[in-house]
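Colleague: Can you read through this structure? Questions will come right after.
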Amino acid sequence: MTRRAATILTILAILQAAAGAESSKGARASGDAAFQTTIKPLLNKYCYGCHGEKKKGDLDLRVYTDEAMVLRNRKIFAKVIQNLQAHEMPPEKKPQPTPEERELITVWIQAEIFKCDCDHPDPGRVTIRRLNRAEYNNTIRDLVGVDFQPADDFPADDSGYGFDNIGDVLSLPPVLLEKYLAAARKILNKAIITDLKPRPVQHFDADALEGTAPGESLGEGIKRLGREGNIFASVKFPHDGEYVLRAKAYGEQAGPEPARMSFSLDDQELTKFDVKAEEPAPEIYELRTQVSAGAHKFAAAYLNNYRNPNDPNPKNRDRNLVIHYLEVEDTDPSRPVVLPESHQRIFFRHPTPQTKMETARQIIGRFATRAFRRPVLKEEVDRLLKLFALADTNGESFEKGVQVALEAALVSPYFLFRGELQPEPNNPGAVHPVDEFALASRLSYFLWSSMPDDELFGLAGRKALRKNLEAQVRRMLEDRKARALVDNFAGQWLQIRNLKLAAPDNKLFPEFDDALRAAMAKETELFVSEIAQQNRSVLEFLDADYTFVNGRLAGLYGIKNVSGDDFQRVSLKWTHRGGILTQASILTITSTPTRTSPVKRGKWVLENLLGTPPPPPPPDVPELKEGQAALTGTLRQRMEQHRENPICASCHARMDPIGFGLENFNGIGEWRDKEGDLPIDPAGKLVTGETFDGPDDLKAILTKRRRGDFIHCLAEKMLTYALGRGLEYYDKCAVEQITKRLAKGRYRFSTLVLEIVKSTPFQMYRGEDQQLAEAGPGSD
């Protein structure tokens, strides 16, 4: 009999004996008897010294006097079992439990505190989720077909559990409601041509236009531009052809030259004018030019502001540009209007006077079905149709009336939120499969960060999506829209988004600039895309023998025969690089502006690759001193002197060895053998006992000895992202099943995605206990 089997039998025997002794008090008493007689003495022996009166990490385990107290805060004991299994607690210099004692605590926690019935798993709660900014932009792109990103003007999304698509933290501040209204109008103004009648001249009073130039109204639509900048109009050009761009303006002249003005279209400058006219005789300035059909931004800019407040002549102290209006004249208005694809997508039918209302119903109903990502009810379409009828009564065009109704659809909660109708939402014991439309949305927002396409809608409508799930997952991973999985999942899992904030000291790292920053990010994006699109093993995240570089990055890495801005796949054999851990993007974001940071690098590995994040540091821990006040020696030697402080030692013992193993890479990821004049010592020992001598050995340990921890961490991270909620103890059945099947599938990326999609929490939902819902997320 193995030692583990004997230990498990021991704990089960204790539980069974206690159950017999306490049967009159119910099954729960059995676990408490084992806690009192076996577990609590072990906690007292090995844990209370730090997590008792001293309350290290703000944790006092003495408050858990019985099993009921433990059950009220499972998350604490999830960390206990995690640290025990990783041999990270108790600290190395403290008395250690025997393997049997460590196993005894672990088995009890798993058997009693995290008891799950994997034959009848709990799928967890469903949190209504607001579309985050990326999802909003992508959904508008696929729904309407416009080519801009309206959500870029929204407030930043909050993050939870490392991701910005978590339902519990995606709040709805009042300012966002205003942004939604403005965005809906802007989107549909861009997508729809509301006036199909010929308009030879489109006129825009200057005072009504937005722009970058500070100005003031002079009345009657006239605007004075007092500083350099522009005003612009969004103009719909009905067809390809020649147009006249026009402005009526004059200059309030001062200085050695007249006021100057430019015309631009879509931020491309077309011409410049010397505006010599003065009040009260403004002049017309115009340009004939070819313009393609569609919406374009026509801007007039003030180019040469001048001020000299000390000039003795008051009229020569301040030069300004005054604009009356902008105009666009169609030189051939008889030509038919070219409707944009977005307009044709929405208006798939055209009305007659007799069919106007029914045609509007069909157009609005189809749009709402796609916007709400489910079949719409007749009552829902009726409400939207009332807005069309009101616009029609007020004499608006058919297209304008439809636009008003669609604006309402785009600010509806059914569009802005991802909710799922449940037959028994308040019954926590009721478990049901999500309907196929909800499954289509779960699938598309997981892989594409966008709404389902026509094929997913069609399969859901025929109730055939589950039957074709594997084929659909593979199709979706091959689609270009799956780039969202790289940007939004991998970008947050690996924290590559932080690269935009990195600011290495330009004196210490003069080669770092925005071009190199962009190359670092591109390498990681291409690398993750290669694993995803080519369905490679996820273990290559840890130690691949290839990467992607351009000339700048190849120079940093010392790779020869690569030049220019284009990226190419290169071999990393016979180098010290391989996998994400040695990529410059990761090494830069885990450094400080002036040096490497073994603490940041170790913490990053623990959090993102091993799933064992260290506790936050206590607030009174001193920073590592720099400059003349610094300790002596290499960074490693200084860190070791710093760790002599017992307050620091226990936390650093987990992080620092990993970070020291990467010390051969400097603050921007360049290889080095020395730190100044002193040799680098990259050797170390993990708290779990593995020793290594540099990044190659460290990668080998992660890939082989700690493979299970990495796979478990990756599965948890991706499942969290896919579900849009933090994982709970009852999700362990799903995670274990995903990791087992991933191993059987040779760790292929598509296997990981497919097993997440097939998992119980992704496929099912249950109702929620209202008392727990009111208590907030994370309650047990």
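Colleague: Can you name every residue in the range 372-384 that is surrounded by fewer than 18 Cβ atoms within 10 Å (Cβ to Cβ) and farther than 23 Å from V434 by Cα?
Modeller: Step one: of the range 372-384, the residues surrounded by fewer than 18 Cβ atoms within 10 Å (Cβ to Cβ) are 375, 377-379, 382-383.
Of everything in the range 372-384, those that are surrounded by fewer than 18 Cβ atoms within 10 Å (Cβ to Cβ) and farther than 23 Å from V434 by Cα turn out to be E379, D382, R383.
Colleague: Also, I was wondering about something else. So for the range 321-328 (the condition being hydroxyl-bearing (S, T, Y) and not in a strand (DSSP E or B)), does at least one residue qualify?
Modeller: No, there is no match, as no residue in the range 321-328 is hydroxyl-bearing (S, T, Y) and not in a strand (DSSP E or B).
Colleague: Can I ask one more? In this structure, does G226 turn out to be within 30 Å of P309 (Cβ to Cβ) and small (G, A, S)? Write out each step before concluding.
Modeller: Details: within 30 Å of P309 (Cβ to Cβ): yes; small (G, A, S): yes.
So G226 fits the description; yes.
Colleague: Another question about this same structure. May I ask you to list the residues in the range 440-464 that are farther than 18 Å from A722 by Cα and open to solvent by less than 10 Å² (accessible area, probe 1.4 Å)?
Modeller: If the condition is that a residue be farther than 18 Å from A722 by Cα and open to solvent by less than 10 Å² (accessible area, probe 1.4 Å), then A460 is the only one that fits.
Colleague: Moving on. Restricted to the range 212-224, and to residues that are open to solvent by less than 40 Å² (accessible area, probe 1.4 Å) and assigned to a strand (DSSP E or B), which residue is farthest from K248 (Cα to Cα)?
Modeller: G219
Colleague: From (1) assigned to a loop (DSSP other than H, G, I, E, B); (2) of a type outside the set (K, R); (3) at pLDDT below 95; (4) over 22 Å from L714 (Cβ atoms), pick out the condition that doesn't hold for V599.
Modeller: Among (1) assigned to a loop (DSSP other than H, G, I, E, B); (2) of a type outside the set (K, R); (3) at pLDDT below 95; (4) over 22 Å from L714 (Cβ atoms), the lone unmet condition for V599 is (1).
Colleague: So, one more: Would a scan of the range 574-594 turn up a residue that is among the basic types (K, R) and either touching a strand residue (DSSP E or B) at 6+ places or on another chain (Cβ under 9 Å) or modelled with pLDDT of 95 or more (or both)? Steps first, answer last, please.
Modeller: Residues of the range 574-594 that are among the basic types (K, R), as a first pass: 577.
Of the ones still in play, those that are also either touching a strand residue (DSSP E or B) at 6+ places or on another chain (Cβ under 9 Å) or modelled with pLDDT of 95 or more (or both) are 577.
Among the residues of the range 574-594, at least one is among the basic types (K, R) and either touching a strand residue (DSSP E or B) at 6+ places or on another chain (Cβ under 9 Å) or modelled with pLDDT of 95 or more (or both), which makes the answer yes.
Colleague: Being among the small types (G, A, S) and not in a helix (DSSP H, G or I) is the filter here, so list the residues in the range 715-738 that pass it.
Modeller: G724, G726
Colleague: Going by the structure shown, is I559 under 19 Å from G745 (Cβ atoms) and either among the aliphatic types (A, V, I, L, M) or more than 18 Å from the chain's Cα centre (by Cα) (or both)?
Modeller: It is false that I559 is under 19 Å from G745 (Cβ atoms) and either among the aliphatic types (A, V, I, L, M) or more than 18 Å from the chain's Cα centre (by Cα) (or both).
Colleague: Which of the residues spanning the range 357-371 are within 20 Å of E436 (Cα to Cα) and open to solvent by 20 Å² or more (accessible area, probe 1.4 Å)?
Modeller: Listed by number, the residues that qualify are R366, T369, R370.
Colleague: Output the residue which, of all residues in the range 416-435 that are of a type in the set (D, E) and more than 29 Å from K179 (Cβ to Cβ), is nearest to the chain's Cα centre (by Cα).
Modeller: Taking the candidates together, the pick is D435.
Colleague: Assuming A277 fulfils every condition listed in (1) closer than 21 Å to K197 by Cα; (2) not in a strand (DSSP E or B) apart from one, which condition is it?
Modeller: Checking A277 against (1) closer than 21 Å to K197 by Cα; (2) not in a strand (DSSP E or B), the one that fails is (1).
Colleague: Tell me yes or no: at least one residue of the range 553-569 is under 26 Å from L754 (Cα atoms) and hydroxyl-bearing (S, T, Y).
Modeller: no
Colleague: Just give me the residues in the range 414-457 being modelled with pLDDT under 95 and closer than 25 Å to R185 by Cα, in sequence order.
Modeller: Hits for the range 414-457 are R418, G419.
Colleague: Can you name every residue in the range 341-356 that is within 18 Å of L143 (Cβ to Cβ) and either outside any loop (DSSP other than H, G, I, E, B) or open to solvent by less than 40 Å² (accessible area, probe 1.4 Å) (or both)?
Modeller: E341, S342, H343, Q344, R345, I346, F347
Colleague: Pull out all pairs, ordered by first then second residue, where Cβ-Cβ is under 8 Å, the residues are six or more apart or on different chains, the first lies in the range 486-505 and is on the phi > 0 side of the Ramachandran plot, and the second is open to solvent by 20 Å² or more (accessible area, probe 1.4 Å) and among the hydrophobic types (A, V, I, L, M, F, W, C).
Modeller: As it stands, the answer is Q495/I589, since those pairs meet every condition given.
Colleague: Name the single residue, out of those in the range 50-74 being within 16 Å of P95 (Cβ to Cβ) and modelled with pLDDT of 75 or more, that is most open to solvent (accessible area, probe 1.4 Å).
Modeller: Restricting to residues being within 16 Å of P95 (Cβ to Cβ) and modelled with pLDDT of 75 or more, the top hit is K56.
Colleague: Condition first: more than 20 Å from L170 (Cα to Cα), open to solvent by 10 Å² or more (accessible area, probe 1.4 Å) and not charged (D, E, K, R). Now tell me which residues in the range 712-733 satisfy that. Steps first, please.
Modeller: Residues of the range 712-733 more than 20 Å from L170 (Cα to Cα): 712-716, 729-733.
Okay, now just the ones that are also open to solvent by 10 Å² or more (accessible area, probe 1.4 Å), so 712, 716, 729-730, 732-733.
Scanning the range 712-733 gives H712, Y729, Y730, C733.
Colleague: Next question. Any residue at all in the range 310-318 that is closer than 30 Å to K276 by Cβ, in contact (Cβ under 8 Å) with a residue 40 or more places away in the chain and surrounded by 15 or more Cβ atoms within 10 Å (Cβ to Cβ)?
Modeller: Pass one, the range 310-318, residues closer than 30 Å to K276 by Cβ: 310-318.
Next cut, in contact (Cβ under 8 Å) with a residue 40 or more places away in the chain only: 311, 315-318.
This time we only want the ones that are surrounded by 15 or more Cβ atoms within 10 Å (Cβ to Cβ), so: 317-318.
For the range 310-318, residues closer than 30 Å to K276 by Cβ, in contact (Cβ under 8 Å) with a residue 40 or more places away in the chain and surrounded by 15 or more Cβ atoms within 10 Å (Cβ to Cβ): present.
Colleague: A follow-up question, please. Show me the helices (runs of 4 or more DSSP H) entirely contained within the range 459-545 in which 3 or more residues are within 22 Å of the chain's Cα centre (by Cα) and among the hydrophobic types (A, V, I, L, M, F, W, C).
Modeller: Result: 469-478, 514-533.
Colleague: Another question about this same structure. Got a number for residues in the range 693-744 being free of Cβ contacts under 8 Å to residues at least 12 places away in the same chain and in contact with a strand residue (DSSP E or B) (Cβ under 9 Å, 6 or more places away or on another chain)?
Modeller: 1
Colleague: If you don't mind, another one. Any residue in the range 321-343 that is closer than 30 Å to G458 by Cα and of a type in the set (A, V, I, L, M, F, W, C)?
Modeller: Yes: the range 321-343 contains one or more residues that are closer than 30 Å to G458 by Cα and of a type in the set (A, V, I, L, M, F, W, C).
Colleague: Hey, among the residues in the range 178-202 that are part of a helix (DSSP H, G or I) and open to solvent by 40 Å² or more (accessible area, probe 1.4 Å), which one's nearest to L406 (Cα to Cα)?
Modeller: If we filter the range 178-202 for residues that are part of a helix (DSSP H, G or I), which is where we start, we get 178-191.
In the following step, the residues that additionally are open to solvent by 40 Å² or more (accessible area, probe 1.4 Å) were identified as 178-179, 181-182, 185-186, 189-190.
Numbers: E178: 17, K179: 16, L181: 12, A182: 13, R185: 9, K186: 12, N189: 11, K190: 13 Å.
If we take residues in the range 178-202 being part of a helix (DSSP H, G or I) and open to solvent by 40 Å² or more (accessible area, probe 1.4 Å), then R185 is nearest to L406 (Cα to Cα).
Colleague: Report, by residue number, each residue of the range 249-265 that is open to solvent by 10 Å² or more (accessible area, probe 1.4 Å) and either assigned to a strand (DSSP E or B) or farther than 21 Å from A281 by Cα (or both).
Modeller: Y250, E252, R260, S264, L265
Colleague: Restricting to the range 225-248, name every residue that is open to solvent by 40 Å² or more (accessible area, probe 1.4 Å) and assigned to a strand (DSSP E or B).
Modeller: Matches in the range 225-248: F232, S234, K236, E242, K248.
Colleague: Follow-up question, since we're still on this one. Within the range 677-714, can you find the residues that are among the acidic types (D, E) and out of contact with any Asp or Glu (no Cβ under 8 Å at 6 or more places or on another chain)?
Modeller: Once the filter is applied, which keeps residues that are among the acidic types (D, E) and out of contact with any Asp or Glu (no Cβ under 8 Å at 6 or more places or on another chain), the range 677-714 yields D677, E690, D693, D696, D697, D709.
Colleague: A follow-up question, please. So which of F415, F437 is touching a residue at least 24 places away in the same chain (Cβ under 8 Å), open to solvent by less than 20 Å² (accessible area, probe 1.4 Å) and of a type in the set (F, W, Y)?
Modeller: Checking each option against the conditions leaves just F415.
Colleague: Here's another thing I want to ask about it. Just the residues that are open to solvent by 20 Å² or more (accessible area, probe 1.4 Å), more than 19 Å from N664 (Cα to Cα) and among the aliphatic types (A, V, I, L, M), please, taken from the range 537-561.
Modeller: Across the range 537-561, the qualifying residue is only L539.
Colleague: How many of the residues in the range 131-177 are farther than 21 Å from E407 by Cα, in contact (Cβ under 8 Å) with a residue 24 or more places away in the chain, open to solvent by 30 Å² or more (accessible area, probe 1.4 Å) and not in a loop (DSSP other than H, G, I, E, B)?
Modeller: 1
Colleague: Collect the residues in the range 281-297 that are open to solvent by less than 50 Å² (accessible area, probe 1.4 Å), in a loop (DSSP other than H, G, I, E, B) and farther than 21 Å from E341 by Cβ, keeping them in residue-number order.
Modeller: So in the range 281-297, the residues open to solvent by less than 50 Å² (accessible area, probe 1.4 Å) come out as 282, 285, 287, 289, 291, 293-296.
From the residues that got through so far, the ones that are in a loop (DSSP other than H, G, I, E, B) too are 282, 293.
Matches in the range 281-297: P282 only.
The values are calculated or read from the model by the stated rules, or taken from the named source; none is laboratory data. The structure displayed is predicted, hence computed values, not measured ones. Neighbour counts are summed over all protein chains in view; Cβ atoms, including those assigned to glycine, are modelled from backbone coordinates with ideal geometry. Surface areas here come from the heavy atoms of the whole protein model, side chains and all, with no ligands, DNA or RNA. Shrake-Rupley method; radii C 1.70, N 1.55, O 1.52, S 1.80 Å.
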